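Participant: What follows is a single structure, and I will ask about it in a moment.
Please treat every number below as a calculation from the coordinates, not as lab data. From a predicted model like this one, the values you see are computed outputs, not experimental measurements. Positions of Cβ are backbone-derived with ideal geometry, glycine not excepted, and every protein chain shown enters the neighbour counts.
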Amino acid sequence: MSLFITGTDTDVGKTFITASLLKAYLDLGKDAVAIKPVQSGCENSDALDTKVYKSVNPNNNFSPLYALNLATSPHLAAKADGVEIELEKCVNYCNEFLSNHKEVLVEGAGGLFVPLNDNQTMIDLIKRLDLPTVLVASNKLGAINHTILSLKTLKNYGIKTPLLVLNLSDEKSEISRSNIEYLRLNFKGEIVVINSGESIDSASKKLLNFVKNFKPNTQKIDLEFDKNHLFHPYTSSISPLKSYGVKSANGSYIEVEGKTLLDGMCSWWCAYGGYNIPSINSSIIKQINSLSHIMFGGFTHAPAINLGKKLLEILPKGMDKIFYCDSGSVSVEVALKMAIQYQQNKDPNKNKILTILGGYHGDTFGAMGVCDPTTGMHSMFGGILSKQIFAPKPKCKFGEIFDEKTLKPYEEIISKNSDKIAAIIVEPLVQGAGGMWFYHENYLKFLRKKCDEIGALLIFDEVATGFGRLGEYFASSVAGVTPDIMCIGKALTAGYMSFAATICTKDVADTICQNKRVFMHGPTFMANPLACSVALASIEYLQSINFKNRVKDIEKELKFELEKCKKLPEVVDVRVFGAIGVVEIDSEVNVEKIQEFFVENGVWIRPFGKNIYTMPQFNVTKDELKKLCDAIYESIKTRSYK
Ligand code: PMP
């Protein structure tokens, strides 16, 4: 089994232990190698750790990927040498060995938070490699503190630490002996004690037991159980579509059954920043340690308030009162209820919702009632859904010349129902799950005007468009139209957990509460502190990555890279808006087949209906975008969707 060797500090004897482990493996006849991807202090070639490995096995002679001159922290040594340590390159370097040898011992540099560059530290490399980790500590005064800090951190990062080596021990020292005793009581894995002055030979014998007996917990994902007992979205329980077992996801990559897939979906609009973002991870850990949940009836807390302040900073002006809820669908339910309760105090005859065809607003009953009746689920639940009013799907595309005549049917349907319409709900500019359609902002300007004229409320469902996907925080900002009620969800937590909010103007909130009424909704997990903390960390993260420029660049690249699809005969339309690229074809895709094609080609793209589309994460590189777009092109060209 391959291992990562780290230390509580620099100079604790990691190299000596790595070499001793190497010897133990070799003595057992294993195909083992030791490597060190990053080493500083190489100007003095005697200090090269790889020399120590070579003393165990002359063939174990691999140069570090980054052999840096100065004997300082890798990030400083790299700067002095005029290079930047790239985590991805370190991962690839190690993976090369991991795929060619049965046992690879990867030695880190220094301790867990030794910087590799300005943003990443050694623990990011350990996490990416996902190897069981050996912690080496120098057994002296302070060892308990340093060891426990390191062990706790490893645990918080989800890294297994089956072995602790108390190196440089001194049997005669009381401190040394009591450290061993204390750590034996407080560490569940194996502890090996190595004394000062011991040889590699002797240390390797002490490590032999661990090497022989250590069985990593390589629990396989039980796909059979999944198939037999777990529902997945929109798939038959009798003959389900294949589900791929995911082990982990980092940055833009998803680890699936021994393959690494480049993510082109952001987990359905959510994970705009990629997976496993350290600052968001920390926010949830910090919050878990003080308050995971408390009822919001009668209590409030800093996470809810701080998130509220942050939201008001970025929401369109006038959006003032926030209702935290559980999911996008629930936020739509809340919005519809707000509109109805508002009209009960204003004009009770107004109890219908108008929407446009081609929309999608969620899977709960209220939300289904305003989804497209054909692509949505009306036929199946028609008898139970309340009947709402449908206007046509907007014809004019976003970014193209607007045709005023296309407003006529809206004018007619709105004036015909003006006394009944409580609210108009739309997904602004982008209709998502209903067909990935991008429409002109003049429709929204028109609907705003009409709502004001007839005393109806305008609801924007920004569950999908919110948080930067179109290059601004919200589609409302792109369109220059502010609604009365707004739904947000999905990317609110960067894909970390289900959470959403419905926000309305002060006027809406206060009108609802006239005549001694209150708004009638109160979810158990309202304003869950973990979710609020994650959402705040997510918005701070979004603000830190210069998303507006990134999305602009992505839009340009997607347009360029998807252009070639237009030449394929089965392609009906290619459209790009912000960080969304859609290729519409002339027939429905065979999801299972095309999915297999994408997975074989190392990308994760999941089409539906006639749309093959990608919504990449905002940190995506040019090369990665090309890979996603090429895969879409090839899937059509080779007819892998049939
Ligand atoms: N509204 C829109 C615009 C959506 O795209 C979705 C989800 N695809 C929802 C609402 C429902 O959100 P959730 O799945 O979180 O309930």
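Participant: May I ask you to list the GluC sites (Glu not before Pro) in the range 150-218 that are in a DSSP loop and have at most 14 other Cβ atoms within 10 Å of their Cβ?
Facilitator: Qualifying residues, ordered by number: GLU171.
Participant: Shifting gears a bit: Quote to one decimal, in nm, the extra length available between GLU404 and ASP623 on full extension: 0.36 nm per residue of separation minus the C-alpha distance between them.
Facilitator: Values: separation 219, 0.36 × 219 = 78.84 nm, distance 4.08 nm.
This chain segment gains 74.8 nm when fully extended.
Participant: Shifting gears a bit: Using the structure shown, list the pairs from LYS54/LYS102; LYS54/LYS259; LYS408/LYS564; LYS30/LYS54; LYS247/LYS310; LYS247/LYS626 with a Cα-Cα distance above 27 Å, or answer none. Don't jump to the answer; show the numbers that get you there.
Facilitator: Values: LYS54/LYS102 18 Å; LYS54/LYS259 32 Å; LYS408/LYS564 36 Å; LYS30/LYS54 16 Å; LYS247/LYS310 33 Å; LYS247/LYS626 25 Å.
Beyond 27 Å between Cα atoms: LYS54/LYS259; LYS408/LYS564; LYS247/LYS310.
Participant: In which sequence would THR260, THR121 go, from the one with the fewest C-beta neighbours within 10 Å to the one with the most? Walk me through the numbers before you get to the answer.
Facilitator: Details: THR260 14, THR121 22.
Least crowded to most crowded, the residues run THR260, THR121.
Participant: Given only helices, namely DSSP H runs of n ≥ 4 each adding -39500 (n - 2.57), what is the per-residue ellipticity at 222 nm of the chain, to the nearest 500 deg cm²/dmol? Intermediate values should be presented prior to the final figure.
Facilitator: Working: 23 runs with 247 residues, N = 642.
Theoretical 222 nm ellipticity from helices: -11500 deg cm²/dmol.
Participant: By the gyration tensor of its Cα atoms, with a ≥ b ≥ c the square roots of the eigenvalues, what is the shape of the range 202-282: rounded for a/c under 1.5, prolate for a/b over b/c, or oblate?
Facilitator: Values: a/c = 3.38, a/b = 1.54, b/c = 2.20.
Oblate, since a/c reaches 1.5 and b/c is not below a/b.
Participant: Give the residue list of trypsin sites (Lys or Arg not before Pro) in the range 268-325 that are DSSP loop and have at most 16 other beta-carbon atoms within 10 angstrom.
Facilitator: On the way: sites: LYS286, LYS309, LYS310, LYS317, LYS321; in loops: LYS317.
Sites meeting the loop and neighbour criteria: LYS317.
Participant: Post the alpha-carbon centroid distance, the range 190-264 to the range 421-441, in whole angstrom.
Facilitator: Spelled out, the Cα-based centre of one part sits 42 Å from the other.
Participant: Classify the range 556-642 as rounded, prolate or oblate from the Cα gyration tensor: take a ≥ b ≥ c as the square roots of its eigenvalues, call it rounded if a/c is under 1.5, otherwise prolate when a/b beats b/c and oblate if not.
Facilitator: On the way: a/c = 1.68, a/b = 1.25, b/c = 1.35.
Oblate is the answer for the range 556-642, as a/c is 1.5 or above yet b/c matches or exceeds a/b.
Participant: May I ask for log10 I(q)/I(0) of the chain at q = 0.08 Å⁻¹, from a Debye sum over the Cα atoms as equal point scatterers with solvent left out?
Facilitator: -0.70
Participant: Also, I was wondering about something else. Report, as a whole number in µm² per second, the diffusion coefficient that Stokes-Einstein gives for the range 318-466 at 4 °C and 1.567 mPa s using the Kirkwood radius over alpha carbon pairs.
Facilitator: On the way: Rh = 15.5 Å.
D = 83 µm²/s.
Participant: Could you tell me, in Å, what Rg and Dmax come out for the Cα atoms of the range 416-490?
Facilitator: 12.2, 37
Participant: Can you tell which of PHE467, TYR324, THR355 lies farthest toward the positive end of the dipole of the chain, using +1 and -1 charges on the Cβ of basic and acidic side chains (Lys, Arg; Asp, Glu)?
Facilitator: Of the candidates, THR355 comes out farthest on the positive side.
Participant: Using only the alpha-carbon atoms, how far is helix 143-156 inclined from the longest principal axis of the chain? Give it as 0 to 90 degrees, nearest 10.
Facilitator: The two axes meet at around 40 degrees.
Participant: For the range 150-166 and the range 1-43, write down the distance between their C-alpha centroids in whole Å.
Facilitator: That distance is 17 Å.
Participant: Still on this structure, please answer the following. What angle do you read, to the nearest 10 degrees and between 0 and 90, between the alpha-carbon axis of helix 591-600 and the longest principal axis of the chain?
Facilitator: 30 degrees
Participant: Between VAL52, ILE191, LEU68, whose Cα lies farthest towards the positive end of the dipole of the range 3-213 when Lys and Arg beta carbons carry +1 and Asp and Glu beta carbons carry -1, centred on the Cα centre?
Facilitator: Ranked along the dipole, the leading option is ILE191.
Participant: Just subtract the alpha-carbon distance of GLU596 and THR235 from 0.36 nm times their residue separation and send over the number in nm, one decimal. Intermediate values should be presented prior to the final figure.
Facilitator: Values: separation 361, 0.36 × 361 = 129.96 nm, distance 1.60 nm.
Result: 128.4 nm gained on full extension.
Participant: Let's see if you can work this out: charge +1 on each Lys and Arg Cβ, -1 on each Asp and Glu Cβ, no other charges. What is the dipole magnitude of the range 320-545 about its Cα centre, in debye to the nearest 20? Spell out each step's value before the answer.
Facilitator: Numbers: 22 positive and 23 negative charges, 98 e Å.
Taking the Cα centre of the range 320-545 as origin, the dipole is about 480 debye.
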